[in-house]
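The values are calculated or read from the model by the stated rules, or taken from the named source; none is laboratory data. Worth saying up front: this structure is predicted, and the values here are computed from it rather than measured. Here Cβ is always computed from backbone atoms with ideal geometry, including for glycine, and neighbour counts include all displayed protein chains.
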Amino acid sequence: MRKIVIMMLLSVCFLLTGCDSLRFAPTQKQKQNAWLHNKTTEAAAELAKVENTSEKLQNLTHLSQLQSREFTSYYGLPKQFPPAETDEAILSQANFQLAHSALTDAANRPDVWQVADAGLELAIGIAAILGGVYGTRAVQFLKLAKTKSEALKEIVQGNELFKKQNQDSTQAFKDAHKSQSPQTRQIVAELKG
């Protein structure tokens, strides 16, 4: 039982350390872009061969095509395929827009507060199911951790609002927080996003 509680606490701590490594599942635009990338590299490799370019360029485009298959396999096939029957179709403005849109989607990350809250709720649920003395204590501990997490969120958001509304006091605000430990600074920086 103790091991389970420790594992839950470690999971919550992991979630509270930041979400930079957590990502959303690939969107349809990202799947389309990965598939289109494979078609683009395929066309480039074929063109390099047809135009009798240097062996080095042919090898580079062939390797790129091979690597591109991994992206499509990883992301999965899209529900709808973008136009890619010809080189001109591949080079359409719509496909350039798709690439930019997929890049924007790829940059999105989960909100650290939502992930932490969901992790704490999951841990509370698991501890409640396990029951017993340790389960009850774990639930109490996790509920307190959730309350503290919400309080920290409110403090960070309030501080950011204060700095926006009182830009002339920003330096004094930063000076007042110089005595924070490096760990605290890191946590606050990650929470700010």
query: Only one of these conditions is not met by V133: (1) more than 30 Å from A43 (Cα to Cα); (2) surrounded by 13 or more Cβ atoms within 10 Å (Cβ to Cβ). Which number is it?
result: (2)
task: Among the residues of the range 132-183, write down those that are part of a loop (DSSP other than H, G, I, E, B), of a type in the set (S, T, Y) and under 23 Å from V112 (Cβ atoms).
output: S181
- prompt: List, please: which pairs have Cβ atoms under 9 Å, are six or more places apart or on different chains, and start with a residue in the range 38-61 that is more than 20 Å from L91 (Cα to Cα) and end with one that is surrounded by fewer than 19 Cβ atoms within 10 Å (Cβ to Cβ) and hydrophobic (A, V, I, L, M, F, W, C)?
  reply: T53/L47
message: Any residue in the range 83-108 that is farther than 23 Å from A45 by Cβ sitting within a Cβ distance under 7 Å of a residue that is part of a helix (DSSP H, G or I)? List the pairs, counting only those 6 or more apart or interchain.
response: S101/K29; D105/K29; D105/Q30; A106/Q30
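Please tell me if Q157 is without any contact (Cβ under 8 Å) to a residue 60 or more places away in the chain and under 25 Å from the mean Cα position of the chain (by Cα).
yes
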task: Consider E88 carefully, then state whether it is among the acidic types (D, E) and either loosely packed, with under 13 Cβ neighbours inside 10 Å or under 21 Å from A106 (Cβ atoms) (or both).
output: yes
task: Taking A107 as meeting all but one of (1) among the small types (G, A, S); (2) modelled with pLDDT under 90; (3) surrounded by 14 or more Cβ atoms within 10 Å (Cβ to Cβ), write down the number of the exception.
output: (3)
